[in-house]
Amino acid sequence: MKVTSQLPSREVREKRRRIRSLKDNTSRFGITAAGYGVVFSLALIFVYLFYEVLPILKGAEITPVAQYDMALVTQEEPSAQVLIERYQELGVNFTQQGGIRFFHLDSGEERLHTQVSLAQADTVSSFAAAESLGGLVAYGSASGKVQLLRPDYQLSFPNDQRQITPGIVYPYGEQPIQLDPQGAAIQHLSVQESTRGRPAVFVAGYTEDQRWLLAKVSTRENLFTGRATQQIERSELPHFAVEPRFIRVDKAFRNLYVAEGSRLHYFDISQLRAPKLIQTVDVGEEITALEFLVGSVSLVVGTETGGLSQWFPVRDEQNAYQLEHIRSFKQHPGAITTIRPEYTRKGFLAGDSAGYVGVHYATSSRTLLLKQMAEQPIEKLAVSPVNKAVLTFSGEQVQYASLWNQHPQLSFKALWNRVWYEGRSDPEYIWQSSSGNDEFESKFSLIPLSVGTLKAAFFAMLFAMPLGIMAALYTAYFMTPKLRGVVKPTIEVIEALPTVILGFLAGLWLAPFMEHNLPAVFALLIGLPLLMVLMSFLWSCLPRSLKRLVPAGWEAVLLVPALVLFGWAAVASSPWVETWLFDGSMRQWLTNQGITYDQRNALVVGLAMGFAVIPTIYSIAEDAIFNVPKHLTQGSLALGATPWQTMVGVVLPTASPGIFSGIMIGFGRAVGETMIVLMATGNSPIVNFNIFEGMRTLSANIAVELPETAVGSSHFRILFLAALVLFAFTFVLNTIAEVVRQRLRKRYSSL
């Protein structure tokens, strides 16, 4: 009998082998390509983030545009102040004799020559300029008068071409103010204009007969007639026999600073009728330049050796202001001759006797550039209102240059170290990126955001990790398959809930509920685990005849009524407990103990975000435990080990790589979570781990501020830096987790 083979023919087998080989190679190529694609995508994300952050690392640049000799700058009529208008087409030079000349920046060609009205009838004896943003200047005369004026630029567009017409306006009238009723010559002068409330200006002067005069000039407009009337309040500094070199008054009309020699005198003039000397500090070197930064809070002091330092008033332990040295900047090669603050930032430019110009920024303690612009001393210096042009006067030589200084606020120290900000008593970590005026000092510390990120993730994992792992252990090892088939999909479905819904519920329902039921919350957090242990102990004490009534693996169902009843009892008794133990308000009791309680806090975030993270940890850990080879558990049980001993000694070590992966993936989810943190916290960037206070995370901060920031600004760049920090943090965390997982897998693979 002929036997027929059931095997395919040789040709068919070869064909099938080729098909299998093609499928294997295709799969290998596809999986490899997908893996490289993921790595390439991550690399592209990193490159893009770094590309947006890269301009932060760039320093300042000054590029000469034009250089010329100007007849308007002479030894007979030296410059007192030079300014640039915002379109960087015209400059204005105020001379010490009262001359005012407007000229083209690119050529030095004179556009308009005029003279202050005071100089036409009197002799100019002094000059002063207020904060650059307002452009107000003052001339003092030999007869004790002061003339207030500012440059004015009228725009017109003939033939669609911008045309700037310069001029001079007198905001407080062309009639000079009589600062000294006795008519003594004003040798030194200071002026400052207030931009808050009704228009007002403060003038301080030192006369030739050694008297110190103070005057506040305000304007009131009649609502019915529209007529403006001028009011002048006068005062004097008593018993202060000092020959000043510089006088400066702040915009709030509260502080007066006088520099003479190496000493700086600090006066409180908030009570105009009773000014008083607060403090005298010795800088240690001859003061050669003194100027306010924008906002007139900080003083920049320049010395004869090229030193630059920042000073401002700080409250001491008695709540009294004291002038403090805050920081120093890179030393110049020559004595500081002039200091010009920026118009809208806490930066400044300084010129010295060696012809160098330095670009400095106060908050970040950076000297961004130190460049020689001339062979002779820099006598006067101007920076444009948009910080894109620089003008230097050196002898009769004028140099006009472009300036690139886009991101001076950022440095490693400003981002990661404590910084002493204006108005603060000590250096602090603060994130406050914007405010309502140009005088605001941006605070870009990433420490509050990084601490907030770790704080939110820590409390979320504190809630989610034990519940997720213990639930996975019980479900995979002890629970009956039928009950597991219901519980496991139910928990995994929770992961599909949108986090915005969870955040919405946490912010609008859970946070107020917890605030009004704090005793119940603590009772549930402490009592529920203890109740489960107690129920387990009582179950172990029951006779076997009763235990047989409940099928093996269904014991957990018995806990549900007890847990629900305990939860109801805790919430129902919460008001009584609060009245009995905490005088009616546990929140107020915590406050009295020195513990700040905010309604939206880390506890709310921990519960809400933990609820969102539990399914991730549970699902991965449960699969890892359930897939432990059966021969390992059966062999352990056959050798006499109890189910609990088998779980601890065999199941857990074998499944530990998977459990650890679930924990790290859940932690990564908590670190990057946005909507829950955004809606369930106060979103305040504070640096502490108080569970009853909120936080602001890196991801939530990016979501809130990125849509509102100007593209290309320092704020925009630092938000991308925050994204890069978050990306690097999760990348390093996941890399460490993978290394640990591989080692655990290798260690327990022999079981």
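The values are calculated or read from the model by the stated rules, or taken from the named source; none is laboratory data. Bear in mind that the values here come from a model prediction, so they are computed numbers and not experimental data. Reconstructed Cβ throughout: ideal geometry from the backbone, glycine too, with neighbour counts over all protein chains shown.
In the range 548-585, which residue that is hydrophobic (A, V, I, L, M, F, W, C) and part of a loop (DSSP other than H, G, I, E, B) is farthest from the chain's Cα centre (by Cα)? Among those that are hydrophobic (A, V, I, L, M, F, W, C) and part of a loop (DSSP other than H, G, I, E, B), it is 549. Exactly one residue among 156, 141 is polar (S, T, N, Q) and surrounded by 12 or more Cβ atoms within 10 Å (Cβ to Cβ), and that residue is 141.
Per the conditions (1) in contact (Cβ under 8 Å) with a residue 60 or more places away in the chain; (2) over 30 Å from residue 415 (Cβ atoms); (3) loosely packed, with under 15 Cβ neighbours inside 10 Å; (4) among the charged types (D, E, K, R), the sole criterion not satisfied by residue 89 is (3). Residues that are part of a loop (DSSP other than H, G, I, E, B) and surrounded by 15 or more Cβ atoms within 10 Å (Cβ to Cβ) were ranked within the range 172-195; the one that is farthest from the chain's Cα centre (by Cα) is 184. Among the residues of the range 104-130, those that are under 16 Å from residue 152 (Cβ atoms) and assigned to a strand (DSSP E or B) comprise 111, 112, 113, 114, 115, 129. Checked against (1) surrounded by 10 or more Cβ atoms within 10 Å (Cβ to Cβ); (2) at pLDDT below 90; (3) not β-branched (Val, Ile, Thr), residue 2 meets all criteria but (1).
Only one of (1) modelled with pLDDT under 90; (2) in contact with a helix residue (DSSP H, G or I) (Cβ under 9 Å, 6 or more places away or on another chain); (3) in a helix (DSSP H, G or I) is not met by residue 8, so which one is it? Unmet for residue 8, out of (1) modelled with pLDDT under 90; (2) in contact with a helix residue (DSSP H, G or I) (Cβ under 9 Å, 6 or more places away or on another chain); (3) in a helix (DSSP H, G or I): (3). When residues in the range 256-277 are screened for being farther than 15 Å from residue 205 by Cβ and under 33 Å from the mean Cα position of the chain (by Cα), 4 of them pass.
Restricting attention to the range 327-342, the residues being under 27 Å from the mean Cα position of the chain (by Cα) and surrounded by fewer than 19 Cβ atoms within 10 Å (Cβ to Cβ) number 3.
Taking the range 44-70 as the search range and keeping residues that are of a type in the set (D, E, K, R) and surrounded by 13 or more Cβ atoms within 10 Å (Cβ to Cβ), which one is nearest to residue 725 (Cα to Cα)? Looking at residues that are of a type in the set (D, E, K, R) and surrounded by 13 or more Cβ atoms within 10 Å (Cβ to Cβ), I get 52. Scan the range 45-78 for residues that are more than 18 Å from residue 718 (Cβ to Cβ), at pLDDT 90 or above and hydroxyl-bearing (Ser, Thr, Tyr) and the total you get is 1.
Scanning the range 513-542 for residues that are β-branched (Val, Ile, Thr) and over 23 Å from residue 692 (Cα atoms) returns a single hit, 533. Assigned to a helix (DSSP H, G or I) and farther than 30 Å from residue 689 by Cα: is that true of residue 545 in this structure? Here the answer is yes, as residue 545 does meet what is asked. Suppose the filter is out of contact with any Cys (no Cβ under 7 Å at 6 or more places or on another chain) and modelled with pLDDT of 90 or more; does residue 396 pass it? So residue 396 does not fit the description; no. Scanning the range 491-523 for residues that are surrounded by fewer than 16 Cβ atoms within 10 Å (Cβ to Cβ) and among the small types (Gly, Ala, Ser) gives a single hit, 496.
Among the residues of the range 558-581, none qualifies, meaning not one is surrounded by fewer than 12 Cβ atoms within 10 Å (Cβ to Cβ) and either on the phi > 0 side of the Ramachandran plot or touching a Ser or Thr at 6+ places or on another chain (Cβ under 6 Å) (or both). Checking every residue in the range 269-277 against the condition of being polar (S, T, N, Q) and surrounded by 21 or more Cβ atoms within 10 Å (Cβ to Cβ) gives zero matches. Take residue 445 and decide whether it is touching a helix residue (DSSP H, G or I) at 6+ places or on another chain (Cβ under 6 Å), under 30 Å from residue 322 (Cα atoms) and polar (S, T, N, Q). Against the criterion (touching a helix residue (DSSP H, G or I) at 6+ places or on another chain (Cβ under 6 Å), under 30 Å from residue 322 (Cα atoms) and polar (S, T, N, Q)), residue 445 does not qualify. The one condition from (1) touching a helix residue (DSSP H, G or I) at 6+ places or on another chain (Cβ under 9 Å); (2) modelled with pLDDT of 90 or more; (3) farther than 30 Å from residue 408 by Cβ that residue 42 does not meet is (2). Within the range 623-649, residues that are farther than 16 Å from residue 470 by Cα and part of a helix (DSSP H, G or I) sit with their Cβ atoms under 8 Å from residues that are modelled with pLDDT of 85 or more and hydrophobic (A, V, I, L, M, F, W, C), at 6+ positions apart or across chains, in these pairs: 632/650; 632/651; 633/650; 633/651; 636/650.
Considering each residue of the range 436-446 in turn, none proves to be surrounded by fewer than 20 Cβ atoms within 10 Å (Cβ to Cβ) and not in a loop (DSSP other than H, G, I, E, B).
Here is a yes/no grid of residues against (1) surrounded by fewer than 20 Cβ atoms within 10 Å (Cβ to Cβ); (2) of a type in the set (S, T, N, Q); (3) part of a loop (DSSP other than H, G, I, E, B); (4) without any contact (Cβ under 8 Å) to a residue 60 or more places away in the chain:
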| residue | (1), (2), (3), (4) |
| --- | --- |
| 655 | no, no, no, yes |
| 666 | no, no, no, no |
| 701 | no, yes, no, no |
| 707 | yes, no, no, yes |
| 719 | no, no, no, yes |
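The criterion of being over 26 Å from the mean Cα position of the chain (by Cα), surrounded by 20 or more Cβ atoms within 10 Å (Cβ to Cβ) and more than 25 Å from residue 265 (Cβ to Cβ) holds for residue 381.
Considering 400, 361, 356, 429, the condition of being buried (at least 18 other Cβ atoms within 10 Å of the Cβ), of a type outside the set (A, V, I, L, M, F, W, C) and under 14 Å from the mean Cα position of the chain (by Cα) is satisfied by 429 alone. In the range 344-354, is there at least one residue being over 22 Å from residue 131 (Cα atoms), touching a Gly at 6+ places or on another chain (Cβ under 9 Å), charged (D, E, K, R) and touching a residue at least 60 places away in the same chain (Cβ under 8 Å)? Taking every residue of the range 344-354 in turn, none turns out to be over 22 Å from residue 131 (Cα atoms), touching a Gly at 6+ places or on another chain (Cβ under 9 Å), charged (D, E, K, R) and touching a residue at least 60 places away in the same chain (Cβ under 8 Å). If the condition is being assigned to a helix (DSSP H, G or I) and not small (Gly, Ala, Ser), then the range 668-683 contributes 669, 671, 675, 676, 677, 678, 679. If you check 620, 526 for being loosely packed, with under 13 Cβ neighbours inside 10 Å, modelled with pLDDT of 85 or more and either at negative phi or not in a loop (DSSP other than H, G, I, E, B) (or both), only one passes: 526. The residue list 529, 489 contains one member that is without any contact (Cβ under 8 Å) to a residue 12 or more places away in the chain and under 17 Å from residue 567 (Cα atoms), which is 529. One residue stands out among those in the range 95-122 that are touching a residue at least 60 places away in the same chain (Cβ under 8 Å) and under 17 Å from residue 79 (Cβ atoms): the one that is nearest to the chain's Cα centre (by Cα), which is 105.
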